[in-house]
Amino acid sequence: MKNTINIEHVAVKVNGTFEDFTGNLEDLLGILKPADLDFLHGNKASLAGLLQNLGGEEELILFNIIEHGELLRLKGFDGRKAKQYQIGNPVMAMKMTAQNISCGLYAPLRMLVHENADSTVLVEYDLPSSVFAQFDNPQIDSVSQLMDKKIEKLITAAQLK
């Protein structure tokens, strides 16, 4: 089975340097460690407490960073700066995957921060509400629309920090 879906892609020009923005972004996010997940296994009541302890702007957590700039340098593209962030909220993800397990393909969300040749810094991501709209479920839509707002506020906060 194949479906064609419309995705709204967002690109935000960042005020400031790549290093400042990515540093601020990483400081604002809570960090979920593999040991945290081991602790939660079979312990649903502890998830809310863990999320509060992790903090994170807009209750968002950093799951992973992929250094695309470093990968490009391995191929001889010196000076490229690019990081892909995997960001999300496990409680929100569970609400969506409980409705349709296929939502797990898109959670956590991915965000790319990169610097162009003219030193312009961009943040790019696919708008969560457009990605999850394919599931045609009001409960999933509600959560994904909230995620739209959280991501937008996170980007604003990382520019202002």
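The values are calculated or read from the model by the stated rules, or taken from the named source; none is laboratory data. For clarity, every value in this text was computed on a predicted model and none was experimentally measured. Note: ideal-geometry Cβ built from the backbone for every residue, glycine included; neighbour counts use all protein chains shown. Protein only, heavy atoms only, side chains kept; ligands, DNA and RNA dropped before computing areas. Shrake-Rupley method; radii C 1.70, N 1.55, O 1.52, S 1.80 Å.
For region 16-38, how many residues are modelled with pLDDT under 90 and either assigned to a strand (DSSP E or B) or loosely packed, with under 13 Cβ neighbours inside 10 Å (or both)?
Number of matching residues: 7.
Applying the selection to region 51-93, what residues are in contact (Cβ under 8 Å) with a residue 24 or more places away in the chain and aliphatic (A, V, I, L, M)?
If the condition is that a residue be in contact (Cβ under 8 Å) with a residue 24 or more places away in the chain and aliphatic (A, V, I, L, M), then 51, 54, 60, 61, 62, 65, 82, 87, 91, 92 are the ones that fit.
Quick one: which helices (runs of 4 or more DSSP H) sit completely within region 52-161 and have at least 1 residues that are closer than 25 Å to residue 21 by Cα and open to solvent by 40 Å² or more (accessible area, probe 1.4 Å)?
Filter on region 52-161 gives 68-74, 138-160.
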